[in-house]
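Student: The structure that follows is given in the form of structure tokens.
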Amino acid sequence: MSEQATARALLREAGTTYAEQAGAPLTDKPSPLYRLLVLSVLLSTRIKAEIAVAAARELGEFPTAERMRDATWQQRVDALGRGHYVRYDESTATALGRGAELVLDRYHGDLRRLRAEADGDVRVMQRLLREVPSLGPVGVHIFCREAQAVWPELRPYFDKKALSGAEKAGLPTDVKRLAGLVDPDDYARFSAALVKITLEKGLLNDITATA
């Protein structure tokens with residue numbers, strides 16, 4: 001297959017973002033952005049992505065920073081437990097409460113204010129995100145990979161994990177060349193597919209076999 005054909009196959013077969021999997025398709029509004037932040041926190045730990053996604057879906061009952069802050073610690077723990085996020089449930093419940101307070105105090109519950117503070121500088125945005133409790137480097141990359149769908153200044157955002165998937169799929173590892181294979185509006189989905197190629201054994205063979 002040509003590089004473009006491979007890219008199209010990846011988008012078609014594996015181009016679902018984590019936010020979509022968690023039942024929270026991303027839009028540039030406070031609640032979807034906050035739910036992406038929560039999901040990114042959950043994915044920051046060494047836990048299977050499907051478990052983090054399931055836990056994020058359960059935590060959807062607290063879809064805003066205000067609702068998360070006002071939930072009891074036990075309510076957060078219970079939601080994490082329903083998603084089988086049990087290894088880090090207690091510490092994560094605490095971190096989510098503290099993170100909600102930070103988002104409310106600093107950004108009035110609206111992460112678009114974080115975007116405005118970064119003023120188009122991706123490194124500043126990453127630094128501000130790192131201030132969120134328990135949001136590690138992996139989580140920052142996840143947030144930025146998916147947020148590029150609605151925040152164009154992040155584009156193209158292909159981190160090392162996505163580039164590793166590109167190499168595995170025989171695609172360019174130069175960011176500009178890789179970005180040229182798909183429409184800019186599909187960067188988030190394309191990046192998600194490339195990451196899945198890295199994480200899910202046998203996925204690439206399945207995709208190429210059906211292309």
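The values are calculated or read from the model by the stated rules, or taken from the named source; none is laboratory data. Because the structure is predicted, anything quoted here is derived from the model rather than measured. Counting neighbours? That spans all protein chains shown, and the Cβs are built from the backbone with ideal geometry, glycine included. In case anyone asks, the SASA skips ligands and DNA or RNA and just uses the protein heavy atoms, side chains included. Shrake-Rupley method; radii C 1.70, N 1.55, O 1.52, S 1.80 Å.
Student: GLU146 fails exactly one of the following numbered conditions: (1) without any contact (Cβ under 8 Å) to a residue 12 or more places away in the chain; (2) under 28 Å from VAL182 (Cα atoms). What is the number of that condition?
Tutor: Here GLU146 meets the rest and fails (1).
Student: Applying the selection to the stretch 23-60, what residues are assigned to a helix (DSSP H, G or I) and of a type outside the set (A, V, I, L, M, F, W, C)? Lay out the reasoning, then the answer.
Tutor: Kept after step one, since they are assigned to a helix (DSSP H, G or I), are these residues of the stretch 23-60: 30-42, 49-60.
The answer is PRO30, SER31, PRO32, TYR34, ARG35, SER40, GLU50, ARG57, GLU58, GLY60.
Student: While we're here: Is it the case, given these coordinates, that ASP159 is of a type in the set (Asp, Glu) and open to solvent by 20 Å² or more (accessible area, probe 1.4 Å)?
Tutor: Values: of a type in the set (Asp, Glu): yes; open to solvent by 20 Å² or more (accessible area, probe 1.4 Å): no.
Considered against the rule, which asks whether it is of a type in the set (Asp, Glu) and open to solvent by 20 Å² or more (accessible area, probe 1.4 Å), ASP159 comes out as no.
Student: To continue, here is another question. Filter the stretch 1-30 down to residues that are of a type in the set (S, T, N, Q) and more than 25 Å from LEU114 (Cα to Cα) and give me whichever is least open to solvent (accessible area, probe 1.4 Å).
Tutor: THR6
Student: Same structure, new question: Please work out if ASP78 is surrounded by 14 or more Cβ atoms within 10 Å (Cβ to Cβ), modelled with pLDDT of 95 or more and either in contact with a Phe, Trp or Tyr (Cβ under 9 Å, 6 or more places away or on another chain) or not in a helix (DSSP H, G or I) (or both).
Tutor: When the stated conditions are applied, ASP78 does not pass them.
Student: Which of the residues belonging to the stretch 162-188 are free of Cβ contacts under 8 Å to residues at least 24 places away in the same chain and open to solvent by 10 Å² or more (accessible area, probe 1.4 Å)?
Tutor: GLU167, THR173, ASP174, VAL175, LYS176, ARG177, GLY180, ASP183
Student: Can I ask one more? Which condition number does GLY136 fail, the rest of (1) surrounded by fewer than 18 Cβ atoms within 10 Å (Cβ to Cβ); (2) free of Cβ contacts under 8 Å to residues at least 60 places away in the same chain being met?
Tutor: GLY136 satisfies all of (1) surrounded by fewer than 18 Cβ atoms within 10 Å (Cβ to Cβ); (2) free of Cβ contacts under 8 Å to residues at least 60 places away in the same chain except (2).
Student: Report, by residue number, each residue of the stretch 81-100 that is open to solvent by less than 90 Å² (accessible area, probe 1.4 Å) and of a type outside the set (A, V, I, L, M).
Tutor: Within the stretch 81-100, GLY81, GLY83, TYR85, TYR88, ASP89, SER91, THR92, THR94, GLY97, GLY99 meet the criteria.
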